[in-house]
Structures are given as structure tokens and as C-alpha cells.
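The values are calculated or read from the model by the stated rules, or taken from the named source; none is laboratory data. Predicted model, so just to flag it, every value in this text is computed and none were measured. As a convention, Cβ positions derive from the backbone with ideal geometry for all residues, glycine included, and neighbour counts pool all protein chains shown.
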Amino acid sequence: MTYIPNTPAEQHAMLRTLGAETIDDLLGAIPADVRLQGELNLPPALSEPALRRHEMALAGKNLNLDEALCFLGAGSYDRVVPSVVAHLAKRSEFLTSYTPYQPEVSQGMLQATYEFQTMVCQITGMAIANASLYDGSTATVEAALMAVGPGGRGEVLVSRAVDPQYRQTLATYAHARGFTLREIALDGGATSARDLQAHLGPETKAVIVQQPNFFGIVEDMPALEALTHSTTALFVAAITEPASLGVLAPPGAYNADIVAAEGASLGNPIGYGGPALGLFATKADLMKRMPGRLVGETVDDRGQRGFVLTLQAREQQIRREKATSNICTNQALLAVFATVYLASLGRQGFKEMGVQCVQRAHYAFDQVTALPGVRPIFDKPFFDEFAVTLSQPVSAVNRALAQRGIIGGYALDRAYPEQGANAALFCVTEARTRDDIDQLVRAMKEVL
Amino acid sequence: MSTEPLIFEMGAPGRRAATLFEMDVPTRPLIDLLPAEALRQDDAPLPEVSEIEIVRHFTHLSQRNFGVDAGFYPLGSCTMKYNPKLNEDMAGLPGFARLHPLQDDDQAQGAIELVYRLEEMLSAIAGMARVTVQPSAGAHGEITGLMVIKAYHASRGEGRRNIVLIPDGAHGTNPASATLADYEIREIRTDARGGVDVDHLRELLDENVAALMMTNPNTLGVFDENIVEIARMVHEAGGQLYYDGANANAIMGLARPGDMGFDVVHFNLHKTCSTPHGGGGPGAGPIGVAPHLVPFLPGPLPARDADGGYHWEDAGEQSIGRVRANYGNFLVLVRAYTYLRFHGPDGLRQVSESAILNANYLMHALKDLYTLPFDRTCMHEFVLSANQQKARGVTAMDIAKRLLDFGMYAPTVYFPLIVPEAIMIEPTETETRETLDRFIEVMRQIDQESRTEPATVTQAPHTTTVGRLDQTLAARKPRLRWSPGDAPRTAEKSVPVGVSR
């Protein structure tokens, strides 16, 4: 089956206008020895109703977050998302358009992106933001590349409390691109200022610290920033939980040079981790070194305000091998979701969301750590995630919780083997009610 | 002719839309929970607007945007075909959309199975041994593929190979990706038939070449007849052959890159599998590789158990490592899976055949009025030059803008760079003959206007909500965000109409 409208008879008539009889008459340039003989080895076509049934069955094999209470975070967050977000962002005029190369008929996408860039600046406290990157991990990579510079070498320091998947992605690119990546050790779950100081040097191009960090702990960003800026290195704030910006000081306030963040949870489906939404913001004087698309305000030939893709001299389609980055397709539609979402929360709602995360997570922390067999691992302030040691392996506990309709915490030994098999990272966002949390606590009491 | 205010210029203090759960847990002052110096001093100055204002605002913005659902979108190399509604519904199923990436594998069996099956299908289409769906877009696939090639050469003690060959007609992402992978670029000339200049390739090939990156059919819409010879030459020199899959809509079921001799292939699922493009993204850029490169793929990869279950398997020792967090743009992959299962092998071949027919149909009807620099049968797209119109004072950009007046999007213009006044047209397979005929009629009319009333073209568009925009002002005095007190930019003009590009 296909979505081809023209019938075989119409196609034959079209061929005749070309002086051809069959489609093969148009394929002469494909050498015979590479022409595919026979059909592709693919499953046969399915009708729309059969395909819908097949995929509903596949989807039904997954335990989704509408069926289970999710206490898993670790880089991806279950949020309360108003209905209005998807209704507007999925309008087909946005959904089925390409990158706005013809601005006269793309003002909707361009203006929405300009509003997105502005909102990213508003929540991060930074001067400028781009139109999005693939995800938080690759945004962090782009921050490192921007600091190292085209053709440059040198060293990038990354806190060991940065999301493990981000550090793995950084390592992949560091190896290919030829810069050195070193990890800064931890001290009680937070980035060790002493270890940072020991590693900082003239070769250091960037220092990457996550806020709140992977364990949910609120880092002392001003202290780490001051140490970093005692050298020429750039200070990069990585953020995986954007709700934190409702209550925590924004990176602009502690003089971060670059913010690389994961913005998917701002109104987008969690979607098994993708597509995600890389946020990237920086200082005004770093504008020309910034990767990714930018939308700017201008004026049309009738004197009206309008928007265009701008400063494209940084980008691959103009600069080719001299581009600041190779990114072309980005996450434009997810940026529209985030824009509608942030508008919907607004000034009050964004703060309230952050406050709710803190309060609900601390209520859960008090309840969970009061259980016999559970003790906190760290004693530092946290946002909406906290690490605890259980009396049994996390894998076993999570299996038992799943039978009770609960998705348990992240097994920290997946990335931090020194924490052991019993260490779990729980997440409680604004989407978990007191009843949800009490259910978790009751279930854990049964299980442990 | 109108403008829509920015959302920051709307609303009033105290307005909001979204509601959260009632605060039902005991609360403590924030200052008791978090260090004072870590707290935000001033609220993020987000807009304060009601739900009806938001709905009207974004509805108005959508009405100021043109998508495939609104009309013909012949944007060359972008494959702007119809985006099936079924794909959206499947991606919206809670079992896919409401899944946390770090859930245990036994809670995500359907998701892993879908990725596993999609990888199998993409491998079959490309003629490759194994696919990873991790890359987020075509350019991400390119850098991933180049890192795989780099790791392969290093594993053979040939880490000295530091050069990537790229045809002069290539997409801009190719040289940018190669640079990012720390390679030097050598550009290969295009020959008189529109393919790779084999003699020039022979001159450039040596023991330092890591790879040749090619698009086939290339950006001229021309299938390179010498591909088998090119592959042989590259491999003899110890290099690898990389397939830029931006134009894969031309080859499904007709020829497989693996059979042509390619070692790495990337797909642009937002193009070929119509997932859709979302105004600039998200895409997905899976790569497939030949058997000798499988050990270098990023992980994790989906694996099938003996009992029919599925799990994510960590990559082996030789893997380049992960290229992003989690597994890839999963909901885009769901759409691509839906697309491929709907079509089946016969349907996919018809897709490519019809795309080729539609392109040739347009090319045939336009080549008498517009210059066709490489006059031969095209694949799924073709490139015209507006050099005759330019001689009358009407540029490719003017023609693009004039097309907008007729309710059509414009072709890609000024690309590929090797054709002056290039107009790159890709109709795709999902357009009716009537739409194609209408496009022909409009293009012929615009040519006529270039002779009789060129100002109608050079001052176009006339019917859009805004006219030509001042690109120079935007770049020279960048305004990249709204700030309090900003008045809309108005008559601050820097260049005359018609010069902007």
C-alpha cells in the first residue's frame, strides 16, 4: 500500500509524455549489476486497521506512566502537561513544515522559535539562546566543542556528578575530535572543589557541572564558578531537570558562560527518551561561537516586524567545513511544545512547579527514609531527587514494586558501582500527589 | 498583511493558564530546605497569559506557517512528502509516548521489539549488516558514521588516515561533520555528466584517505553510473565509502547502497519515511554498516533472546561509545516503523518509482524555458538554472518568492553550489498529476513574467502576510530575543528590496 495518488493508468500517461513506456525506461543510469533483483526482504504490507492493531499490541507490552506511578527520574522527568500544549504544537501547519528557509510563509514557526529563544533566556538568566539542539547530552558536547574551539585541543573537565550518559557521550566526541576529557571526583555526592582546583590549569578549556547534579544534590555553583574563572576556562552549567529553575538561582546569576540543558520535560511526551530537546544558552559576547540555528527579529519591505533565520554564516550550509557545528535538523517542534508549555505555566506556574517538586520530594524523602531498612546516602540539600540505600538490591525491589503498579528508583550501581546494588535514586516531581507517595511508602514497607 | 504580537506583549500581571495538583503534602519554607544562596531571587519573567490568549496566539502563528498539509512543497533534497496521520496516532499511543527510558527492559518489551524490527527493515533496505537508530538526525548519523570509520582504521593500525573526500556538490553537513570528526577535507570535482570526476578521484586517492562521502543519486538528482568503479577505487586505496542517505527516496527497492559498495549508510527518516519534519526537527538519522564495521557501532543495541523476549545489549570493547543519551528519537522511530510496515516491499519500490516519475515529468515540461545543466534522466529530483531569467534581471530567489504567491512552497535555491542560480526541485511521489501540472503552469507563467513584467517577480511575494525580510539588518544588528521595553522593529532598513537573500 502507498500514499501515491496517481493511478497506474495516469502514471502510464505521464510516462508517455516523456517518451517512455515503463518506469524502467527512466532507470537506465542504475548499472545492471547494482539493480536489485527481486523484492526487498521486508514483511508484507499491512492495512491501516491491521497495522493499528499490531502496534497497539506492541505498545500494550510496555508498562506506561499512565498505568503506573513513576518515581524514576535520572535525566527524564514525568511532568504535569496541560492539554492545550499538544493541541497547539501539533497543528499541522507546524508539524508538516520544513526548516523555515522561506520566511515569508514561515513566520509562525520563526516567531514561535523567537519566543522559545526568549523563554530559554528567561528561565536560565542568560543573554541569548539558540533554536535547540538534539538533547541535553549533545548540547553538553556542543558546549565542550565551543569551548575547545575549531581545530583546538586542550582539556575539558566534567564533574562525575554529571549524568553518566552525558559523560559517555562527551567521551565519544572527545576521542573523535581530539580533546582530553577528565572527570572531577565527588565529595559526599557533590563535585569536589578541591579536586577541581587540582585539575584546573592553563590547558583547561571548560568545566562542566550539573545543577542539580545527577544525585539531585544542589551544587555550590558560585564556588565552582569562582574556581573555574580563576583560569581562562568556560564554566558550563548542565541541567537535566528544568523545573529546578523555578526555585534555584539561574546560571546567569552565577556567571555561567554556557548552559546546556535537557528541555524535553517542558511539555513534550517522555517518549522513551526521544525525541528530546537540547537547550543551549550563552553570553552575548560568545554569540558568533554559538552552534545551531538562530532566529532574529527584522523588518520586511512593507515596514512590518518579521523574523528570519540569521547569523547563518556560522552554519554548515554556508560555512561547510568552517562551521561552528555540523547540526542541521534540530528539535524545532519540541521547542514549540516547550514554548506553549512555558507560556501556559507562566511566571507564577513555573515557580509553583519548582516549589511543588521540592516540597513533594522532601515529603517523600521523610516518609521513605523513616522506613526500616532505608537510609539516606548523602546529607546535602536536594531538589526533587534523592539517593537512599535499601536493605535489598534495587532490582529485586523494583520488580516487586512493578507488581504493585509502581516504577521504582534508578539503580545507582548502573553508573556508580561503588554505591552497591542496594543504592537507589528516587524522583518525585510535581506530578506525584501525596496519595501517590503514600502508595510508594506502603508498597516499600511490604517489600523491604 | 498583518503581524501577530509576541506573547510577551500580551496578557496582564497575575494571569495564568496551567493548573497543577493542589498542594497536598506538608510544606516547609524553602529556606529550611535549600541554601539561601542557591535560591532564585527574581521569578523567571515568563509571560502572564490566560489559556484563551495562548490558544488564539499559537493558532494565529500556525496560520502564518506553510506545511505540506497546506500545499505543494517541492523543496529539493528535503523530501517533503505527505505525512500520514496514522503515524501520528501510533506515536501518540501511551504505550510508546508515556514510557520512561530507564524503565527495566521487561517493562518495555514492545518498544525494544519495535526498534529491533525497524533496524532489521532498514538493514534490508540499505543492504547493510546492522543498523543503529541512536543518531538524532542526518548530520548526527554522519558524524557517527565517520567516528565508526575512524575507529575501524585505528583498529587496523591505520590511524594516520586523516582525509575525507567530498564531491563539490555535497550537502554542507558532509564537510562540517568530517571536520567535527577531526578530518581534513579534499573536494572532488563533478564531471560533465554530473557525477564524480573519476580522474580527479584517482588523483586524490592515497594512503591517507579515510573515506569518500557520497550522495547517490547526488544533489543534482543524478545517479552516478560509475558507482561500482568508484567503490572499487576507494576500497583499493584502503578507504571507506560513506552513503549520505538524504536522497534515499529514489532507491528503495531499486538499488541498495550495500550492493553499490558502500560501507556506511545513514537514513533521514524525517525525509524518506515521512515522519514528519516538524518545522526543522525532530528527525532521526540511523546508520547502517557493512559487517566489518559492526563491532564499532555505538551501543546499546536491541537484542532478541532465545525465548522471544528483547533486551538492550551494551556495546562491545571496540564500540565508539554512545552518541547521545538513551536510544534515539524513539517516537520518530515509531512513525518510521509505521511507514515501512504500511508500505511493505512492493509499496516502497512504488514510492521510489513514482518519485522518479514525478520528477522527470516536471523536468521534461520545464527544460525548454529553464536551463537544465545536466540534460539526462533524473532520479527523484532535478536541478535547473535560472541563468536565462537572471539575464533578464530575475534571479532564482525572485522565482522562489514568486512561487509563494501561488500557494506553493519554493524549491531549494542556490544549492548545489556548482550550478549558478540553482533551482532544485523534488516533487515526491505523493502529489497528484493536477498539482504537478499546476506547478508547471506557474513556472512557465513566471518565466513569461520575467520577460514582460519582471517587477512582478522581483518584488514578490505579494500575497503573503509579510513581504521580503531584511536579512542584512537581522545579521548586522542581531536581535535574538525579546527584552522588556523592546518596540517592534519597523522601518530600520539597510538594503533595497530585491537584494535580500
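Data for the structure
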{"item": "Filter result (acidic (D, E) and crowded, with 19+ Cβ neighbours inside 10 Å) within region B:23-52", "result": "B:E48"}
{"item": "Any hit, region A:86-93, residues being at pLDDT 95 or above, surrounded by fewer than 24 Cβ atoms within 10 Å (Cβ to Cβ), facing chain B (nearest Cβ under 7 Å) and part of a helix (DSSP H, G or I)", "result": "yes"}
{"item": "Residue tally, condition more than 27 Å from the chain's Cα centre (by Cα) and either within 13 Å of chain A (Cβ to nearest Cβ) or among the β-branched types (V, I, T) (or both), over region B:376-395", "result": "1"}
{"item": "Residues of region B:85-98 satisfying the condition of being in contact with a Pro (Cβ under 9 Å, 6 or more places away or on another chain) and part of a loop (DSSP other than H, G, I, E, B)", "result": "B:G92, B:R98"}
{"item": "Residue in region B:281-289 that is under 30 Å from A:I23 (Cα atoms) and out of contact with any Leu (no Cβ under 9 Å at 6 or more places or on another chain) present", "result": "no"}
{"item": "Test: B:F8 is surrounded by 15 or more Cβ atoms within 10 Å (Cβ to Cβ) and in contact (Cβ under 8 Å) with a residue 60 or more places away in the chain", "result": "yes"}
{"item": "Residue count for region A:111-138, restricted to those that are within 21 Å of A:A284 (Cβ to Cβ), in contact with a helix residue (DSSP H, G or I) (Cβ under 9 Å, 6 or more places away or on another chain) and in a helix (DSSP H, G or I)", "result": "11"}
{"item": "Any chance A:A32 is at the interface with chain B (Cβ under 8 Å from one of its Cβ atoms), among the hydrophobic types (A, V, I, L, M, F, W, C), farther than 16 Å from B:S354 by Cα and loosely packed, with under 15 Cβ neighbours inside 10 Å", "result": "no"}
{"item": "Looking only at region B:226-274, and only at residues there that are of a type in the set (S, T, Y) and within 11 Å of the chain's Cα centre (by Cα), the one that is farthest from B:E158 (Cα to Cα)", "result": "B:S274"}
{"item": "Residues that are in contact with an Asp or Glu (Cβ under 8 Å, 6 or more places away or on another chain) and either of a type in the set (G, A, S) or surrounded by fewer than 24 Cβ atoms within 10 Å (Cβ to Cβ) (or both), drawn from region B:159-171", "result": "B:R160, B:R161, B:N162, B:I163, B:D168, B:A170"}
{"item": "Residues (surrounded by fewer than 17 Cβ atoms within 10 Å (Cβ to Cβ), within 13 Å of chain B (Cβ to nearest Cβ) and closer than 20 Å to A:G373 by Cα) located in region A:414-438", "result": "A:D438"}
{"item": "Qualifying positions in region B:336-388 - small (G, A, S) and in contact with a strand residue (DSSP E or B) (Cβ under 7 Å, 6 or more places away or on another chain)", "result": "B:A359, B:S385, B:A386"}
{"item": "Exclusive hit being at pLDDT below 95 and facing chain A (nearest Cβ under 10 Å), set B:D470, B:D486", "result": "B:D486"}
{"item": "Given (1) assigned to a loop (DSSP other than H, G, I, E, B); (2) over 21 Å from A:G354 (Cβ atoms); (3) not hydrophobic (A, V, I, L, M, F, W, C), number of the condition A:Y272 does not satisfy", "result": "(1)"}
{"item": "Flag for A:G38 being more than 7 Å from chain B (Cβ to nearest Cβ) and under 24 Å from B:I125 (Cβ atoms)", "result": "yes"}
{"item": "Top-ranked residue in region B:22-58 [being assigned to a helix (DSSP H, G or I) and within 7 Å of another protein chain (Cβ to nearest Cβ); ranked as farthest from A:V441 (Cα to Cα)]", "result": "B:F58"}
{"item": "Some residue of region A:187-200 being assigned to a strand (DSSP E or B), within 24 Å of A:P150 (Cβ to Cβ) and either at pLDDT 95 or above or within 13 Å of chain B (Cβ to nearest Cβ) (or both)", "result": "no"}
{"item": "Total residues in region A:170-186, condition in a loop (DSSP other than H, G, I, E, B) and either acidic (D, E) or surrounded by 16 or more Cβ atoms within 10 Å (Cβ to Cβ) (or both)", "result": "1"}
{"item": "Selection status of B:I446, under 25 Å from B:R64 (Cβ atoms) and either at the interface with chain A (Cβ under 9 Å from one of its Cβ atoms) or of a type in the set (A, V, I, L, M) (or both)", "result": "yes"}
{"item": "Failed item, numbered, when A:A323 is tested on (1) in contact with a Gly (Cβ under 8 Å, 6 or more places away or on another chain); (2) more than 7 Å from every other protein chain (Cβ to nearest Cβ); (3) modelled with pLDDT under 95", "result": "(2)"}
{"item": "Selection within region A:121-139 - of a type in the set (S, T, Y) and more than 17 Å from A:P250 (Cα to Cα)", "result": "A:S132, A:Y134, A:S137, A:T138"}
{"item": "Residue that is surrounded by the fewest Cβ atoms within 10 Å (Cβ to Cβ) [pool: residues in region A:105-118 that are under 16 Å from A:Q331 (Cα atoms) and aliphatic (A, V, I, L, M)]", "result": "A:L110"}
{"item": "Single condition A:F337 does not satisfy, out of (1) outside any helix (DSSP H, G or I); (2) buried (at least 24 other Cβ atoms within 10 Å of the Cβ); (3) in contact (Cβ under 8 Å) with a residue 12 or more places away in the chain", "result": "(1)"}
{"item": "Conditions (1) part of a helix (DSSP H, G or I); (2) within 17 Å of B:A237 (Cβ to Cβ): number failed by B:E207", "result": "(1)"}
{"item": "Contacts under 7 angstrom Cβ, first residue in region A:289-309 being on the phi > 0 side of the Ramachandran plot, partner hydrophobic (A, V, I, L, M, F, W, C), 6 or more apart", "result": "A:G292/A:A131; A:G292/A:L133; A:G292/A:F280; A:G292/A:I327; A:G303/B:A491"}
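Per-residue answers, yes or no, for (1) out of contact with any Lys or Arg (no Cβ under 7 Å at 6 or more places or on another chain); (2) at the interface with chain A (Cβ under 7 Å from one of its Cβ atoms); (3) touching a residue at least 60 places away in the same chain (Cβ under 8 Å):
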{"site": "B:D89", "(1), (2), (3)": "yes, no, no"}
{"site": "B:G92", "(1), (2), (3)": "yes, no, no"}
{"site": "B:R98", "(1), (2), (3)": "yes, yes, no"}
{"site": "B:P101", "(1), (2), (3)": "yes, yes, yes"}
{"site": "B:D106", "(1), (2), (3)": "yes, no, yes"}
{"site": "B:L118", "(1), (2), (3)": "yes, no, yes"}
{"site": "B:M121", "(1), (2), (3)": "yes, yes, yes"}
{"site": "B:A124", "(1), (2), (3)": "yes, yes, no"}
